[in-house]
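Data first, discussion second: the structure below is written as structure tokens.
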Amino acid sequence: MGKILIQNFSFFIFLLLFILFTSCSNEDNSVSPQSDLTIRGIAVGIEGTILCTTDFGDTWLLQKSGTQQTLRSIAFRNSKNIIIVGDSGIVLHTYDGGNNWIKKFSGKPERLNGVLYFGRYIWIAVGNNGTILRSTNDGGTWSNQISGAEDYDINDITRSSGDTLIAVVTGGFILRSTDIGITWTMKRPSVAHLTAIDFVDANNGMAVGWNGEVLKTSDSGQSWKHLPSGTIDYIMGISFLNTDKIIAIANYDSDNGKCLTSTNGGMDWTTRYSGSNGLYALSFADTVYGVAVGLSGTIFRTTDGGVHWKNKFGITNSWLYGMCFSSSK
């Protein structure tokens, strides 16, 4: 009788341990690496590469894009609702923080270089051959807008104030809209190809481009003046940390990326070489965390507002052309 009780007790212990082990194993296997994490930033590049970070660029996760097209720009509505644009008019949209990316039909075959979420379910995308696309139903469908820059490529777009949008164009042109992208006026304050633009407040912004071009406006893009950059390199990205401190990225060639810093509103600049390949996109989450990305998987990160930078090696070999934090200004 005692032997039977011992056997039954042993079987009971075995069964309990089996149930507990199975339960723990199932729980671990059912959780995806990012399901409970908030996407803080995304980098994109060739062959549909999408990298996401939940810790402001310290670590990165690869997401499945479902495309081999080169991806170039990202915009966040929030940490779940994100749109990416790229070559051949591709638009990718996620509603779940990148667990699933849905291909949308933009209606245009041109390469799309920039995208912006305005608010009120309105998205604006810009690209080659003067392409400006506008969606008023949260990216569901897109309509083509007349830019007046059909002979040129639109490289970047931002919002200055109210309903005013500013876009930069090759050939030194700048486009301005005061009705959320429905109609546009064009000025030519430069002869250099313009690549990127950023505003720190409603009136003050900068546009940058080839041959070290830096343009500054203090009237919401109605007029522009040249500032010395101290370089003749291709300036590819710019970000205001405040009205005085500005960070830009530039390339002398594909093997030499550098960061430019101004602490007096763009009047003077200091240079720091990245020690890596060319840099093509820059984004700051706030005044502390920033990431620049570029060729051969270059990820260049700062945690002190651009004073010091560190290369993040071994994440990808893909060329990266776009970078955006969800809290980008």
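The values are calculated or read from the model by the stated rules, or taken from the named source; none is laboratory data. It should be emphasised that the depicted structure is a prediction, and the values quoted were computed from it without experimental measurement. Neighbour counts are summed over all protein chains in view; Cβ atoms, including those assigned to glycine, are modelled from backbone coordinates with ideal geometry.
Quick notes
- Of all residues in segment 209-256 being assigned to a strand (DSSP E or B), closer than 24 Å to ASP153 by Cβ and of a type in the set (Val, Ile, Thr), the one that is farthest from the chain's Cα centre (by Cα): THR217
- Within segment 297-309, being modelled with pLDDT of 95 or more, touching a Ser or Thr at 6+ places or on another chain (Cβ under 9 Å) and surrounded by fewer than 18 Cβ atoms within 10 Å (Cβ to Cβ) holds for one residue alone: GLY305.
- Pair list, Cβ under 7 Å, 6 or more apart: segment 108-134 residue touching a residue at least 60 places away in the same chain (Cβ under 8 Å) and under 15 Å from THR164 (Cβ atoms), other residue β-branched (Val, Ile, Thr) and not in a strand (DSSP E or B): PHE118/ILE180
- Residue match in segment 113-128 (condition: touching a Gly at 6+ places or on another chain (Cβ under 7 Å), at pLDDT 95 or above, surrounded by fewer than 22 Cβ atoms within 10 Å (Cβ to Cβ) and in a strand (DSSP E or B)): no
- Residue identified as modelled with pLDDT of 95 or more, over 25 Å from SER143 (Cβ atoms), among the small types (Gly, Ala, Ser) and surrounded by 15 or more Cβ atoms within 10 Å (Cβ to Cβ) among GLY57, GLY86, GLY97: GLY57
- Among the residues making up segment 64-83, those that are crowded, with 23+ Cβ neighbours inside 10 Å and either more than 12 Å from GLY114 (Cα to Cα) or of a type outside the set (A, V, I, L, M) (or both) are ARG72, SER73, ILE82.
- Criterion (at pLDDT 95 or above and not hydrophobic (A, V, I, L, M, F, W, C)) met by exactly one of SER254, SER262: SER262
- Matching residues, segment 282-298, being touching a Leu at 6+ places or on another chain (Cβ under 7 Å) and among the hydrophobic types (A, V, I, L, M, F, W, C): PHE284, ALA292, VAL293
- Contacts under 6 angstrom Cβ, first residue in segment 220-249 being of a type in the set (Val, Ile, Thr), partner assigned to a loop (DSSP other than H, G, I, E, B), 6 or more apart: THR243/VAL200; ILE246/GLY266; ILE247/GLY306
- Within segment 189-208, the residues that satisfy the criterion of being assigned to a loop (DSSP other than H, G, I, E, B) and under 22 Å from the mean Cα position of the chain (by Cα) are HIS193, VAL200, ASP201, ALA202, ASN204.
- Flag if ASN144 is assigned to a loop (DSSP other than H, G, I, E, B), over 21 Å from LYS64 (Cα atoms) and either modelled with pLDDT of 95 or more or touching an Asp or Glu at 6+ places or on another chain (Cβ under 9 Å) (or both): no
- Put simply, of ILE249, ILE180 the only residue that is surrounded by 15 or more Cβ atoms within 10 Å (Cβ to Cβ) and closer than 21 Å to GLY322 by Cβ is ILE249.
Here is a yes/no grid of residues against (1) in contact with a Phe, Trp or Tyr (Cβ under 9 Å, 6 or more places away or on another chain); (2) of a type in the set (S, T, N, Q); (3) within 21 Å of SER106 (Cα to Cα):
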{"position": "ASN137", "(1), (2), (3)": "yes, yes, yes"}
{"position": "GLN145", "(1), (2), (3)": "yes, yes, yes"}
{"position": "TYR152", "(1), (2), (3)": "yes, no, yes"}
{"position": "THR158", "(1), (2), (3)": "yes, yes, yes"}
{"position": "VAL169", "(1), (2), (3)": "yes, no, yes"}
{"position": "PHE173", "(1), (2), (3)": "yes, no, no"}
{"position": "ARG176", "(1), (2), (3)": "yes, no, no"}
